[in-house]
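Trainee: Have a look at this one before I ask anything.
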Amino acid sequence: MGRFGSDKPDLRIRGLELQAVDMPAPEGEQAKGIVVPGGAKLSRKVLDELNEFAKRYGAKFLAWIKVGDEITSSLKMLDADVVHRIADAAGANKGDAVLIVSAKPKVVAASLGALRNEIAKRENLIPANVYAPLWVTDFPMFEFHEEDGRYYSMHHPFTSPVDEDLELLERAVEGGETNLLGQIRTKAYDPVINGVEMASGSIRIHRRDVQRLVFKALGMTTEEARERFGFFLDALEYGTPPHGGIAPGIDRMLMVLAGTDNMRDVIAFPKTASAADLMIDAPGPVDPKQLEELHLHVVEE
C-alpha cells in the first residue's frame, strides 16, 4: 500500500511509485506524490482532468510541480526554494512532473493508487502481452473505522493472525493497548496478475483462546460471543486441525488472459448494467402464491 497505493498492484507499470513528500500536512494526514516521467508536457486541461479523477477517491485537490527550464507549480503558498526541494527529494528530473496529494493515509493511497493506473494508461506505460503475477501476503488483521471509533476485521473474524503477532494481540486485548490492533498481520493471501485479484484466501483460526481474543478485540462480550458463535467455540474446544482455503476467480483469470478489462466479455450470459438477464427475461413477474409462500409483499412505487 505504501509503494503502490493498492493491495492489488499492476507490476507491469515501472516506476510511478508513491513516495513521501517533504511538505507540511495537518496532524493525522500525510503528503505523498508520484513522479510522472515526461510529465512536464502535461497541459493544464489534462492536469484539471487528473485533479477531478483524484477527487473521486476522496482527495480534496491534486497539487502538481512541473520541472522544465523553470519549475512551475500549483503550490503557490510555498516559497520557490521549498518547491525546488520537494521536486529534488522526489527524484524528479528535467521534463518530469510530481503529482501530490495531502490527506489522511487511506485517501492518499486510494487516490494516488488509482492515479498511478490512470496515468499509465494515458501515457501508454503498460507493455502489451506481459503478465506480472505476485502474491500479496501479511494483510492487516484489523482496520480502524473513524466513523464508529473502533476496529473491524479486514477479512473476517476467523482469519488467523501470524504467529509472531499473537503477543501483540494478547497485549492489545488483555493489556488495553488497543493501538497495537493496527499492527497485527494475518495469514491471508491474494494472488494478483496485472492489477487484478485472481483469488483470495486465508488460514483460519483453529485455537479457541485465539478466537476468544479476536472476538474481544472486535468489542464482543463473552456472552455475545457465546450467543452468536457458541457452537463454533465448542468445536474449537474439542480440537480443530489447522485449515485454510482459497477461492479462485476463474472468470477474472480468463478476463486477464483474453486481454479485456470487462468481465462480461468472458461470461456466457452476462447480466446487463441494470442486473437484467436478457436470456431468461429476468427479473419478471412472480406468481402471487409464490410470494405468499415466502411471506413477501411487493410494494409498488
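Trainee: Can you tell me which residue within segment 227-249, out of those that are within 18 Å of Leu213 (Cα to Cα) and hydrophobic (A, V, I, L, M, F, W, C), is surrounded by the fewest Cβ atoms within 10 Å (Cβ to Cβ)?
Mentor: Residue satisfying both the conditions and the ranking: Phe231.
Trainee: I've got another one for you. Is it the case that segment 208-218 has a residue that's under 22 Å from the mean Cα position of the chain (by Cα) and under 20 Å from Ser153 (Cβ atoms)?
Mentor: Narrowing segment 208-218 to residues under 22 Å from the mean Cα position of the chain (by Cα): 218.
Add one more test, that the residue is under 20 Å from Ser153 (Cβ atoms), and what stays is 218.
The answer is yes, given that some residue of segment 208-218 is under 22 Å from the mean Cα position of the chain (by Cα) and under 20 Å from Ser153 (Cβ atoms).
Here is a yes/no grid of residues against (1) polar (S, T, N, Q); (2) loosely packed, with under 14 Cβ neighbours inside 10 Å; (3) on the phi < 0 side of the Ramachandran plot:
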{"residue": "Lys76", "(1), (2), (3)": "no, yes, yes"}
{"residue": "Asn93", "(1), (2), (3)": "yes, yes, yes"}
{"residue": "Ala97", "(1), (2), (3)": "no, no, yes"}
{"residue": "Val107", "(1), (2), (3)": "no, no, yes"}
{"residue": "Arg116", "(1), (2), (3)": "no, no, yes"}
{"residue": "His145", "(1), (2), (3)": "no, yes, yes"}
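Trainee: For segment 112-230, please list each of the strands (runs of 3 or more DSSP E) lying entirely inside it that holds at least 3 residues being acidic (Asp, Glu).
Mentor: none
Trainee: Given the conditions (1) β-branched (Val, Ile, Thr); (2) within 19 Å of Pro24 (Cβ to Cβ); (3) part of a strand (DSSP E or B); (4) within 15 Å of the chain's Cα centre (by Cα), and given that Val98 satisfies all but one, which numbered condition is not satisfied?
Mentor: (4)
Trainee: Which of (1) in contact with a strand residue (DSSP E or B) (Cβ under 7 Å, 6 or more places away or on another chain); (2) of a type in the set (A, V, I, L, M); (3) more than 30 Å from Asn129 (Cβ to Cβ) does Leu180 not meet, given it meets every other one?
Mentor: All conditions pass for Leu180, except number (1).
Rule-based calculations on the coordinates, nothing more; no lab input. Keep in mind that what you see is a predicted model, and the values were worked out from it rather than measured. Note that each Cβ is placed from the backbone with ideal geometry, even for glycine, and that neighbours are counted across all protein chains shown.
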